[in-house]
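So the structure is just underneath, and the comments pick up after that.
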Amino acid sequence: MKPLGLGIIGYGGFGEFTAQAYATMPQVRIAAITDVAAARREEAAARFDATPYADIDQLLADPKVDLVTIATPPWLHVPQALKAIQAGKHVFLEKPLATTLTDADTLVAAAREHGVQIQVDYVLRYVPLYVTLQKLVHSKLLGEVTYIRLENTASNEALHSQHWFWDRSQSGGIFIEHGVHFFDLCNQLVASKPVLVSGNAHTGSDGRQDRVMSSVSYSSGALAHFYHAFDRLAILEKTVLRVVMERGTATAYGWIPDRLEIEGALASSDYPALEKLLQTKLTIQTIPAPRALQARQRASLYRQR
């Protein structure tokens, strides 16, 4: 099958990072690149044997471009994606889809009208440890998800006071520009939609909204709490996702997690299924029931990865 011609719109730091990944994919060929910085687009075009264009309209007019990837700041996503859709190009969009729900609906409707695909790069869906976590949750071996807690404390050292990140009209704010990854991931884990959402935020004396939190109730009955902060030193950055199920807990550590801890209680007859799912041997402990309870002993498991 002939690879699809890919047009890259935006070749900043993240655009360059993702272009290196696209260059390894046999399904696509980088055909064209546009960026506001002439030197960057010319260098990128030479690197990937692509055609450089001074603006998006020239890129979209290129018949060799079948789909585009958009890696520009959030407030540009909607107008640029709409142009691509109207030109009949499929769109792979870095998050967020849009900064308002109205604009998001407009993009989805336009894609349907013009018969093209539009997809957001929700990368956490495909992180190996999160894939394992999703398999565990959906297996129901530890029961239904009852509670999720996400704490993401990040650095603001690279975000000067005038950076577009702090302008909610341009970025949508922390939850939309950044937190959408975890909203999407947790929606996948509970396999249901939010039915009630509340939130709060802290705004500093300089006007920057640097801490946000939200409580969410899902139609499945699960509850969740999300906290994101951009007020730390880089050496103190930390991301912890805790998923509580009826008979156990799974905790992932890291923005792109490098460790997943699982503990819980289940019947010994379920050990083989869990070992197969996790692809590792379980560490088993037999723990007596609390003295006050008239119950048999329960088996518990603990695994660290």
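The values are calculated or read from the model by the stated rules, or taken from the named source; none is laboratory data. Quantities reported herein were computed from a predicted structural model and do not represent experimental measurements. Methodologically, a virtual Cβ is constructed for each residue, glycine included, from the backbone with ideal geometry; neighbour enumeration extends over all protein chains shown. Surface accessibility is based on the protein's heavy atoms, side chains included, excluding ligands, DNA and RNA. Shrake-Rupley method; radii C 1.70, N 1.55, O 1.52, S 1.80 Å.
Rounded to a whole number, what % of the accessible area of the chain do carbon and sulfur atoms account for, probe 1.4 Å?
The value for the chain is 53 percent carbon and sulfur by accessible area.
Need one word for the range 83-185: rounded, prolate or oblate. Basis is the Cα gyration tensor (sqrt eigenvalues a ≥ b ≥ c); a/c below 1.5 gives rounded, then a/b vs b/c decides.
Numbers: a/c = 2.38, a/b = 1.21, b/c = 1.98.
Oblate.
Determine the calculated [θ] at 222 nm for the chain from helices alone, applying -39500 (n - 2.57) to every DSSP H run no shorter than 4 residues and normalising by the residue count; nearest 500 deg cm²/dmol. Could you put the intermediate results ahead of the total?
Numbers: 9 runs with 85 residues, N = 305.
Value at 222 nm, helices only: -8000 deg cm²/dmol.
Roughly how many debye, to the nearest 20, is the charge dipole of the range 23-75 about its Cα centre, given +1 on each Lys and Arg Cβ, -1 on each Asp and Glu Cβ, and no other charges?
Values: 5 positive and 8 negative charges, 33 e Å.
Dipole magnitude for the range 23-75 comes out near 160 debye.
Please give me the summed charge of the neighbours of TRP166: other residues whose Cβ is under 15 Å from its Cβ, Lys and Arg +1, Asp and Glu -1.
On the way: positive: ARG168, ARG208, ARG211; negative: GLU157, ASP167, GLU177, ASP206, ASP210, ASP231.
Net local charge, TRP166 excluded: -3.
Between TYR53 and residues 5 or more places away or on another chain, which pairs have amide H atoms under 5 Å apart, with H built 1.01 Å from N, and which residues are they?
Counting only residues 5 or more places away or on other chains, the set is ILE33, THR34, ASP35.
Can you tell me how the range 140-272 classifies by the Cα gyration tensor, rounded, prolate or oblate, using a/c under 1.5 as the rounded cut? Please list the in-between numbers first.
Numbers: a/c = 3.12, a/b = 1.87, b/c = 1.67.
It comes out prolate by the Cα gyration axes.
If the range 1-61 were replaced by its equivalent ellipsoid, with semi-axes equal to the square roots of 5 times the Cα gyration tensor eigenvalues, what would those be, largest first, whole Å? Can you show the working numbers first?
Working: eigenvalues 63, 35, 16 Å².
Equivalent ellipsoid semi-axes, largest first: 18, 13, 9 Å.
Report relative contact order for the chain in percent, whole number only (criteria: Cα-Cα under 8 Å, sequence separation at least 6).
It rounds to 13 percent for the chain.
Treat each spin label as a single point 7 Å out from the Cα along the C-beta direction, and report the GLU246 to ARG47 distance in nm.
Placing both labels 7 Å along Cα→Cβ, they lie 5.1 nm apart.
With +1 on each Lys and Arg Cβ and -1 on each Asp and Glu Cβ, and nothing else charged, work out how big the dipole of the chain is about its Cα centre, in Debye to the nearest 20. Let's see the in-between values first.
Values: 30 positive and 30 negative charges, 290 e Å.
Charge dipole of the chain: 1400 debye, to the nearest 20.
Can you give the FRET efficiency to the nearest 0.05 for GLN58 and ILE256, using r as the Cβ-Cβ distance and R₀ = 35 Å?
On the way: r = 35 Å, r/R0 = 1.01.
In this case the efficiency is close to 0.50.
Where Lys and Arg each count +1 and Asp and Glu each count -1, what net charge lies around HIS225 among other residues with Cβ under 12 Å from its Cβ? Spell out each step's value before the answer.
Details: positive: ARG149, ARG242; negative: GLU151.
Result for the local shell: +1.
Considering only protein heavy atoms, what per residue accessible area in square angstrom results for the range 86-132 with a 1.4 angstrom probe?
On the way: 2450 Å² over 47 residues.
I get 52 Å² per residue for the range 86-132.
Starting from the Cα-Cα distance between ILE287 and VAL36, subtract it from 0.36 nm times their residue separation and give me the gain in nm to one decimal.
Details: separation 251, 0.36 × 251 = 90.36 nm, distance 6.30 nm.
Difference between extended and current length: 84.1 nm.
Calculated from the structure, Cα extents along the principal axes in Å equals which of [x] 66, 48, 46; [y] 60, 41, 41; [z] 75, 55, 39?
Computing Cα extents along the principal axes in Å and matching it to [x] 66, 48, 46; [y] 60, 41, 41; [z] 75, 55, 39 gives [z].
Mind giving me the nanometre distance, one decimal, between the label points for LEU277 and ASP206, set 7 Å out from Cα along Cα→Cβ?
4.6
Below 8 Å between Cα atoms, with a sequence gap of 6+, how large is the relative contact order for the range 21-65 in percent?
Working: 52 pairs, mean separation 16.2, N = 45.
It rounds to 36 percent for the range 21-65.
Which one of ALA273, VAL197, ASN187 is farthest out on the positive end of the charge dipole of the chain, using unit charges on Cβ (Lys, Arg +1; Asp, Glu -1) and the Cα centre as origin?
After comparing all options, I get ALA273.
Rolling a 1.4 Å sphere over the protein heavy atoms, what is the accessible area per residue of the range 2-45, to the nearest Å²?
Numbers: 2150 Å² over 44 residues.
In whole numbers, the range 2-45 has 49 Å² accessible per residue.
For the range 121-264, what does the relative contact order come out to in percent, with C-alpha contacts under 8 Å and a separation of six or more?
Once divided by the residue count of the range 121-264, the mean separation gives 33 percent.
Give me the tail of P(r) for the range 1-136 as a percent: Cα-Cα pairs with distance above 27 Å. Don't jump to the answer; show the numbers that get you there.
Values: 1794 of 9180 pairs.
Value for the range 1-136 (Cα pairs over 27 Å): 20 percent.
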